[in-house]
Amino acid sequence: PFPPPRGPPPASLAEFPQLVAGPTMHATASGGAGGDMPAMPPLDRLTRVGSRASLQSSAKSGEQAMEPAAKSGFGGYNVVGWLNGQAKAQVGYEFDGGETSWGLWVSGPMEELLEGLCRMSCLGISDFLDSRFEGVRKGTDVSYDTGSFGGIIFATRPVSSALRRLPLKVFLLAASVYLFYSSESARAVFDSELGKDFAFGPFEHYRLETLLTRNGTEGTQLAGPGVSAFGVIGSSGCSPAGSWDQDKTLPPPISSLAGTSMLATYPGGVRMLGWYMNTGKTQGSEALDPAFFNVWATNDDIEIGDGSCARGKDVYPWWKMADDQETRWCGARWTRVGAPRWRHRTSTYWDFVHTTVELPEARGSEGLATFLLMTPRQSYFVYWLWGTYPWAAGCLLSVLAATLQPYIVRARGFIPPPYLILWSGITASIVMSLTQLVVELQEGGMKSVALEIAMALTSSTTMSIVVFTQGFKGHMFLMLVVGSVVENLQWAVCCYIFWHDPMARISVPGLFFIILSVALLLFRQKAVWKSKRLLREHKIMYDETWNAIWASGEETRKELLNLQTLTEQLLAGSTLHTTGVRQYNRRRVQTALSRTGSFFSRTPSALSRTPSAPSRSPSAAEEYPGRVDNEPIHPLFLDIGLVTQPGVADPKSRIECFSQIYCQAAIANLLLMDRIKDWAEQSDGIFRDKVDGESEATFVRWRAVKGDAGGTQVVDRASTLKGHKRCIEKLLRVYHDDFSHLMDISRSCIVFSTIKALNECLQAIADDDDVVVERVKNRYHPDYDSEATAGYRDVCINLRLVSSQAKALGAELFVCEVQLQLLDFARLKTNGSHKRYVEARQSRGT
């Protein structure tokens, strides 16, 4: 081979995939001559459609071309094939491998991978996975939202997903209709009240009845009403004592005392807009002032007689008779027309509450108190109407947007994400309510109204947070339950304050929360039940297989117990178990740098504290004095101040890049294939050799096919990368956009006919210096509860490849997955069983 050209060693491929163009390796195109530059198939053409692009091969010319994803289905499947070392089968191009310019030997498949990644970078599509996932995050790409309604409750974006399902659409449409109807009804009631210059009437007799005094006297202990004057206020809105124009006020009534009441009679009857009263005339009578009273009205004749009908009633506590809307008193039927405090209802408008009031301490005419039954138009509209319309509009428009979004996006149009439309409506309602609360507090409005507005803000704010945060990483159901409890509890407290009865009124927002929470819970239970039903038959078969293995003999049971001992020993070298097994970045080295010629070098004070490894290329080490752990540093890393420590994970720096984690997975997968072959050789391992379309799987022993031309393909099929679509589904459903949880992108499976052979493989892994085991799940343990896996059992190992080649390529921290299966279990995994497993997975949303 031609000698490679000299040049600076490239940076870590995992951190800067653009730099993989640095090394050049000898490669031979089929039918062509070798050379010192890699012979790449020329590009045919480049076509970009948005951020969606996929690599396709031309059957006529054997050239790689960029085509719109719409033509090839899921964009990137051919890229996955390339990353799995299958490009040569498409283009007839052989990769021989060789030594890089910094002294690293790579295999032919690794050369193919590096060239493919380099070309992806040159074409500007090295970040196509992140671009695609960004569309998923923004809600413009909904093609991965395929779970059932019951399975999305704990997903990353349950609100956006649920808005595309029929059940939530129906619920929001029903809520929108109810809110619009209630708002219009309230507006009609208010308009009818606003068109009048009175609240009640006309009545001939009005009566103020004291139920509680300032000092707490009530019932039969009351000696009188505690006021010296009482009358109603007409359309002028002023009492006789407070008006500049006496002609516009009602004439003084014919007043009389009767037990605990004071009567005000207006011959011929008058309409009322409110009432006034004067405190008692006697100095020192402040304790007998009314703290709670009712105002009654009637047109019937009154028969007081000896006054016994007007005495205080023997009813305790006082609020038990404070909420009566009608009563009989001294031969007449009376209608309640007033109380110290009130709120509004969309049906009856006036809703009197049981809160007390403090009258002025001045006596007689100086102690005037007035009460007007009128609501400013702006106050009623801002809180009672404008605070409801945005809710209704948000529900309606979000459903409309969710329905039209697929068609608009397909036509390259733009529409706001439906969840943001719903959130905007809720937020507008919060702003209106908050505005009214400020007005009530500034103008000294009724505390009961201010309290109710504040409590309504709590439920609206809770729902706003749920919608905007998309359930805050899978906690939507929990937040709804908490919101339901808080809303109903606070409304119960409010009802107790208003009417001394926690169940006096129904909270519509609280009912909304309860219905939604219960509906989601029922859908979730239905999804789980369906998932279990689909896998019930498989669980029975898996359990029967396990019972047969356990009952096969004492020797097998000893090997199973020995398996647990081996799995514990495997974790002896784990470095991530204390921080959690995740996909981490390398730890950055804090260096003191100084310029030396055209390169940078580290000062002795910044030397790494980790043991040094021998240099792979002495010549490269002499040329580039900047080093970490005796490894040369690429000048670009020194220039940008990014120097990392190979083999040392930074627990505070998880991988946050989709392209990076797939690049590392592709490299680690090729390295893992070599280790899989060695372990299978030492333990008589078996690989699945199923041909597409077969219902039953076939298996071959590695020792029998390792020398055949197709033997490597058997391992290739057992060690393929997880597809992008499935990774995105897991990020959306389970991992909440955290890429560091994806530890099974690079995965392999070895099958064994006996537990003893499986243990031999575990021992081979434990003795392998090129791997570090980080986590082991021994599902063959006798105490393992197989309910979580529907009876399925295996030994699942998460490990890292820490060879010098893995470190040189920046993949030594990447966590792979290796499954060790028994042949009896592997035979049960057929195409049909896998389809049912996928259906069950879609149902439960995992």
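Given in Å, the Rg to one decimal and the Dmax to the nearest whole number for the Cα atoms of the range 301-352 are 13.6, 43. The Val734 and Asp324 beta-carbon pair, evaluated with R₀ = 45 Å, returns a calculated FRET efficiency of approximately 0.20.
In this label model, Gln564 and Phe414 are separated by 6.1 nm, measuring between points 7 Å along each Cα→Cβ vector. Accessible surface calculations at 1.4 Å, restricted to protein heavy atoms, place the range 788-830 at 22 Å² per residue. Here the spin labels are modelled as points 7 Å beyond Cα on the Cα-Cβ line, and at Ile304 and Lys526 they lie 6.7 nm apart.
Length, then width, then depth: along the principal axes, the Cα atoms of the range 490-552 run 73, 21, 12 Å. Figure legend: label point modelled 7 angstrom from the Cα of Met374 along Cα→Cβ; residues of the range 273-315 with amide N under 18 Å from it are 273-277. Taking a sphere under 10 Å around the Cβ of Thr213 and counting the other residues whose Cβ falls inside, with K and R at +1 and D and E at -1, yields a net charge of -2. Our estimate of slack between Arg533 and Ala223, defined as 0.36 nm per intervening residue step minus the Cα-Cα distance, is 104.2 nm.
Counting Lys and Arg as +1 and Asp and Glu as -1, what is the net charge of the other residues whose Cβ lies under 14 Å from the Cβ of Gly367? Spell out each step's value before the answer.
Numbers: positive: Arg214, Lys281, Arg363; negative: Glu286, Asp289, Glu358, Glu361, Glu366.
Every neighbour counted, the sum reads -2.
Step by step: find N for the range 107-209, compute 2.2 N^0.38 Å, then divide the Cα radius of gyration by it. What's the final number? Scaled against compact globular proteins, the figure is 2.37.
Taking 7 Å steps out from each Cα toward its Cβ at Thr846 and Phe699 produces label points 2.4 nm apart.
By accessible area, using a 1.4 Å probe on protein heavy atoms only, the range 122-169 has 59% of its surface on carbon and sulfur.
Placing a label point 7 Å from the Cα of Trp550 along the Cα-to-Cβ direction, the residues of the range 772-800 whose backbone N falls under 12 Å from that point are 780-787.
Excluding Glu812 itself, what net charge comes from residues whose Cβ is under 9 Å from its Cβ, given Lys and Arg +1 and Asp and Glu -1?
On the way: positive: Arg586, Arg800, Lys807; negative: none.
Taking every Cβ under 9 Å from that of Glu812, the sum is +3.
Here the range 458-528 yields Rg over Rh of 1.06, to two decimals, using C-alpha coordinates and the Kirkwood radius.
Projecting the Cα positions of Gly474, Val485, Gly387 onto the charge dipole of the range 380-525 (unit charges on Cβ atoms of Lys, Arg, Asp and Glu, taken about the Cα centre) puts Gly474 furthest along the positive direction.
Express in whole angstrom the spacing between the alpha-carbon centres of the range 253-330 and the range 105-170. So the separation of the two Cα centres works out to 73 Å.
Could you give the length gained on full extension between His781 and Val431, defined as 0.36 nm per residue of separation minus the Cα-Cα distance, in nm? Please list the in-between numbers first.
Values: separation 350, 0.36 × 350 = 126.00 nm, distance 5.79 nm.
Taking His781 through Val431 to full extension adds about 120.2 nm, to one decimal.
Per q in 0.12 1/Å, what log10 I(q)/I(0) does a Debye calculation on the alpha-carbon atoms of the range 690-767 return? Each listed q maps to, in turn, -0.53.
The values are calculated or read from the model by the stated rules, or taken from the named source; none is laboratory data. On a predicted model such as this, the values are computed, not experimentally measured, just so you know. Positions of Cβ are generated from backbone atoms using ideal geometry, with glycine treated the same way; all protein chains shown enter the neighbour counts. To get the accessible areas, we keep the full protein, side chains included, count just its heavy atoms, and leave off ligands, DNA and RNA. Shrake-Rupley method; radii C 1.70, N 1.55, O 1.52, S 1.80 Å.
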